[in-house]
1. Could you check, for the range 75-92, whether at least one of its residues is farther than 27 Å from LEU25 by Cα, touching a Lys or Arg at 6+ places or on another chain (Cβ under 6 Å) and at pLDDT 95 or above?
2. Quick check on ILE32: is it closer than 21 Å to ARG167 by Cα, surrounded by 24 or more Cβ atoms within 10 Å (Cβ to Cβ) and in contact (Cβ under 8 Å) with a residue 60 or more places away in the chain?
3. Of the conditions (1) surrounded by fewer than 22 Cβ atoms within 10 Å (Cβ to Cβ); (2) farther than 17 Å from TYR210 by Cβ, THR45 clears all except one; give me its number.
4. Can you tell me how many residues within the range 189-205 are within 15 Å of TYR156 (Cβ to Cβ) and over 16 Å from the mean Cα position of the chain (by Cα)?
5. Only one of (1) surrounded by fewer than 12 Cβ atoms within 10 Å (Cβ to Cβ); (2) modelled with pLDDT under 95 fails for ILE222. Which number is that?
6. Checking TYR11 against (1) surrounded by 22 or more Cβ atoms within 10 Å (Cβ to Cβ); (2) among the hydroxyl-bearing types (Ser, Thr, Tyr); (3) touching a Ser or Thr at 6+ places or on another chain (Cβ under 8 Å); (4) over 30 Å from ASP136 (Cα atoms), only one condition comes out false. Which one?
7. Being touching a helix residue (DSSP H, G or I) at 6+ places or on another chain (Cβ under 8 Å) and outside any loop (DSSP other than H, G, I, E, B) is the filter here; which residues of the range 25-44 pass it?
8. Answer yes if at least one residue in the range 164-172 is of a type outside the set (S, T, N, Q), at pLDDT 90 or above, within 14 Å of the chain's Cα centre (by Cα) and not in a helix (DSSP H, G or I), and no otherwise.
Amino acid sequence: MKLVSIIVPAYNCISSIERCIISLLGQSYEKIEIIIVDDGSTDGTGDKCLNMALGDKRIKFYSVEHRGVSEVRNEGLRHASGEYIMFADADDYVKNSFVMQMVAALEADPDCDMAVCNYERVVYGGLYPIRTFTDDGMISKEDYLIQTLKDPGHHYFGVLWNKIFKRSIISENAISLKKDITLGEDFVFSLNYLKFAAKVNIINDKLYFYCYQKNDTLSRIINKSLKDCENEMHNRNKIFDNYVETMKKAGLYDRMKKRIYHYWIVFLVRQRYSLNAEYRWKREEKHFWIRKMHENTNIKTALTIYKRGEVQLEYMAFAIVQTIKNIMKKTLKSIKRQ
């Protein structure tokens, strides 16, 4: 039985961290170490974590000045001694078979270097349906990368907490979370890891409970500023550079170029929808943002690959789905209030 290191970044999460850690301590797979790194919390999270660490030798606790989640996860990686690496977020919790099933999936084939599980999304205390992207089973890393093209920005592909990694691949190739990327840094970590992987095993069992953030998503979108959007596009340019690099190394870029650039069609469609239905901006700000997006080199390329009618169909489909999602979230929120 190989040691598994589970890295948990913690920042001002005093109301949820205990639930997360208790679910990890209750794993049926016994050989684990839980590495909690407190990111300079100011609400007592650090003291709570320290007390939990004093009560169970499987917990290792570290505290740093506030650095942000990427650097905190990198700090956790530096202290990890397990042969396998997993991650969990302090707001979430897991099934007691989470580690056992992930390890079994990773060890099912000597050429398997990463395993991925499905998850439940908890919204206002209720379960919110998510899309299933892949079938169960062992696939090549090339096939997995092709699967990401369905929606590379989706949590399923982008996050770290539904995956298990080999520490040897991480350390031998100096893979870390990028400090200069503040959105989608998890996905970039996975992409850089996949450059050195052979096979990926998919588990469709829902082993992780991702808990919807306390802040209302629609409120956050409505209050989004032009600067926020510019920062997102700047981050997406960096993510896309890594995506293209990984696809080229896997020999997939030329064959999948149109689908790869769909990443930018999705971004453009979502921004157009938000400009029409959500952002509370002045007219000149909206015009400026439209112009700014169309000056982006990657978006320009995407619009030479996709026809106007294809983009319009994408927009209509997205608008319908978004409307349904907003209704479902409002319904779950009203049920919680009752």
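1. We begin by selecting, within the range 75-92, every residue farther than 27 Å from LEU25 by Cα; these are none.
No: zero hits.
2. On the way: closer than 21 Å to ARG167 by Cα: yes; surrounded by 24 or more Cβ atoms within 10 Å (Cβ to Cβ): no; in contact (Cβ under 8 Å) with a residue 60 or more places away in the chain: yes.
Spelling it out, it is not the case that ILE32 is closer than 21 Å to ARG167 by Cα, surrounded by 24 or more Cβ atoms within 10 Å (Cβ to Cβ) and in contact (Cβ under 8 Å) with a residue 60 or more places away in the chain.
3. (1)
4. 6
5. (1) is the only condition that ILE222 fails.
6. It fails just one condition, (1).
7. ILE32, ILE34, ILE35, ILE36, VAL37, ASP38, ASP39
8. Residues of the range 164-172 that are of a type outside the set (S, T, N, Q), as a first pass: 164-167, 169-170, 172.
Keeping just the survivors that are at pLDDT 90 or above gives 164-167, 169-170, 172.
After this cut, where a residue has to be within 14 Å of the chain's Cα centre (by Cα) as well, the list is 164.
Keeping just the survivors that are not in a helix (DSSP H, G or I) gives 164.
Within the range 164-172, one or more residues are of a type outside the set (S, T, N, Q), at pLDDT 90 or above, within 14 Å of the chain's Cα centre (by Cα) and not in a helix (DSSP H, G or I).
The values are calculated or read from the model by the stated rules, or taken from the named source; none is laboratory data. Predicted model only: the values in this text are computed from it and were never measured. Counting neighbours? That spans all protein chains shown, and the Cβs are built from the backbone with ideal geometry, glycine included.
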